[in-house]
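In what follows, a structure is listed as structure tokens, so that the remarks can point back to it.
The values are calculated or read from the model by the stated rules, or taken from the named source; none is laboratory data. Because the structure is a prediction, the values reported are computed rather than measured. Reconstructed Cβ throughout: ideal geometry from the backbone, glycine too, with neighbour counts over all protein chains shown.
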Amino acid sequence: MFELRDYQRETINQVYRSIRSGHRRIVVQQPPRTGKTVIMAEIARRATIKGNRVMFIIHRKEILSQAIATFKQQDVDMDLATMGMVQTLTRRTAKLPTPQLILIDEGHHAASKSYRHIIEAFPNAYVLYFTATPIRTGHDQLDQVADDIVVGKSIKWLTTHDFLAPFKYYGLGDIDRSKLQKSHGDYTTQSMDEAISHQIYGHIIDQYQRLAQGKQAVVYCHSIESAKQVTAKFQEIGISAAEVDGETEATHRDKLVQQFRDQQLMVLVNVNLFTEGIDLPNVDCVIMARPTSSLALYLQFSMRCLNPRPGKQAIIIDHVDNFLTFGLPDNDRDWNQAIITKDKRKKTNTDTGPAICQCKYCFGIFYRQDLTDNCCPLCGHKLEKDKHDYKVVNVDLQEIKENQAVEHRKKMIQQILNDQVMANVADKSPGQLHTLKELQAYAKLHGYSTGWAWHQFNNRRRKKW
Ligand SMILES: [Zn+2]
């Protein structure tokens, strides 16, 4: 049995306090990677000791066996526990034994029909919605299904007290966010395809080597195709990497995950797989190559590398500028306001969080208040605002704003890509160059005119045809 941590015990006490004061349906907010399942198991154990029945509902099937293992380990009386996926349970409500307590994992989904059907089938049960991000895209919020919220410790507090690892965050801008289109609460695959620069595959490797060489990394991609390309690029330079996605056969996937745990694999590239649940304790670097408009996914991606270990420094590399939408993972967020359906909110609420900045030299993202002596807290470079050495980034943590700073970003992307191409062509001869970009970079590097690059490029095309 796990010994509960103080902050976990505190959350449990707050839940009982809320129940005693008359609430029946309570949102329980806990940041990712802080042992939500252990808290749920402890509450389930106390309920089953008294002979009460509990129901535990999950959103994704991948984590069911892990949750069952945790419940058993925490001495929950499994004869009194019904555990399953929402899609399964919602069809069988008439046949299921009546629970006195319903525990819902990833509770931010619980305002949807399938969950409501279960909750309404057992109107006398207490319901606890566990989530790191009690917020939904759209108008209706969790106050539609809940009457109270218990807010856990902040990510900053957990980091200060060594329950989460400290991180450095970099924003690389390999994306044109104006092309992103939303549907069903997140960006469509097609629009992500269009928005993400294809230079990204090589760039991911370069930046991994620059910022996180030697660290075990998980990469989040937007499609199987792109995940395979990224994996191949890592393998090309001799870094062990594998790709997993929803279609990967389960035993093969488990084998790869085990290899990663055993540190035989350096890099795991995945598509929509490593979100909640699946435990990968030794991730030290997260690489985001998938934009998202879901705060829940953003925190699950970025915080995947924050399991603590003495002396650990986690690295988060954001190629798709998710920070423009959500700020840094440890931005304080007002969850008490977030669960209130929009037109009922207090008008005065402006949750923009503290100002964050980007360093022009290392592309690090940091809080402006962490500038000391005007030096970048990530690379130590002396920064002067007048010279545009750093830029204050506008983030509104409540309202998602697209197109924000897009023009600036485009320029920056171009600059990074040019520098990258420049570095790639530095030790090559003109005969080894193929694209116009490479030729232009070569011309710039050697002081040739831009006309030279065009001329060379056209010559090549003629030869090819
Ligand atoms: Zn810097």
note = Of the residues in region 201-224, those that are over 22 Å from Thr275 (Cα atoms), small (Gly, Ala, Ser) and surrounded by 17 or more Cβ atoms within 10 Å (Cβ to Cβ) come to Gly202
request  = Could you figure out which of (1) farther than 30 Å from Ser191 by Cβ; (2) in contact with a Cys (Cβ under 9 Å, 6 or more places away or on another chain); (3) among the acidic types (Asp, Glu) isn't true of Glu243?
outcome  = (1)
key: Residues located in region 288-306, provided they are of a type in the set (Lys, Arg) and assigned to a loop (DSSP other than H, G, I, E, B)   = Arg290
message = Could you go through region 428-437 and let me know if any residue there is surrounded by 12 or more Cβ atoms within 10 Å (Cβ to Cβ), modelled with pLDDT of 70 or more and within 24 Å of Asp330 (Cβ to Cβ).
response = no
inquiry  = Let me spell it out: the conditions are (1) under 22 Å from the mean Cα position of the chain (by Cα); (2) surrounded by fewer than 17 Cβ atoms within 10 Å (Cβ to Cβ), and Leu64 meets all of them except one. Which number is the exception?
reply    = (2)
task = State yes or no: is Ile356 touching a helix residue (DSSP H, G or I) at 6+ places or on another chain (Cβ under 8 Å), over 30 Å from Tyr129 (Cβ atoms) and within 16 Å of the ligand (Cβ to nearest atom)?
result = no
ask   = Which of the residues spanning region 132-185 are of a type in the set (Asp, Glu), touching a strand residue (DSSP E or B) at 6+ places or on another chain (Cβ under 8 Å), assigned to a loop (DSSP other than H, G, I, E, B) and outside the structural domain of Phe323 (by TED's automatic domain parsing)?
value = Asp147
ask   = When region 236-264 is examined, which residues are found to be farther than 17 Å from Gln207 by Cβ, without any contact (Cβ under 8 Å) to a residue 40 or more places away in the chain and part of a helix (DSSP H, G or I)?
value = Ala250, Thr251, His252, Arg253, Asp254, Lys255, Leu256, Val257, Gln258, Gln259, Arg261
request  = Could you check, for region 111-128, whether at least one of its residues is within 23 Å of Ser302 (Cα to Cα) and either at pLDDT 95 or above or not hydroxyl-bearing (Ser, Thr, Tyr) (or both)?
outcome  = no
task = Taking His198 as the residue in question, decide whether it is surrounded by fewer than 22 Cβ atoms within 10 Å (Cβ to Cβ), out of contact with any strand residue (DSSP E or B) (no Cβ under 9 Å at 6 or more places or on another chain) and more than 30 Å from Tyr16 (Cα to Cα).
result = yes
ask   = Would you pick out the residues in region 15-47 that are under 19 Å from Val145 (Cα atoms), more than 22 Å from the chain's Cα centre (by Cα) and among the β-branched types (Val, Ile, Thr)?
value = Val15, Ile19, Ile26
message = Quick check on this structure: which one of Ile68, Ile58 is under 26 Å from Phe274 (Cβ atoms) and in contact (Cβ under 8 Å) with a residue 24 or more places away in the chain?
response = Ile58
inquiry  = Can you find, within region 72-119, the residue that is nearest to Val151 (Cα to Cα) among those that are touching a His at 6+ places or on another chain (Cβ under 7 Å) and not in a loop (DSSP other than H, G, I, E, B)?
reply    = His109
Check on His161, surrounded by fewer than 20 Cβ atoms within 10 Å (Cβ to Cβ), under 30 Å from Leu306 (Cβ atoms) and at pLDDT 95 or above = yes
Long-range neighbours under 9 Å by Cβ, at least six apart or interchain, first residue without any contact (Cβ under 8 Å) to a residue 60 or more places away in the chain and buried (at least 16 other Cβ atoms within 10 Å of the Cβ) within region 179-194, second β-branched (Val, Ile, Thr) and part of a strand (DSSP E or B) = Lys179/Ile196
key: Subset of region 359-383 (residues that are more than 9 Å from the ligand (Cβ to nearest atom), over 19 Å from Gln313 (Cβ atoms) and among the hydrophobic types (A, V, I, L, M, F, W, C))   = Leu371
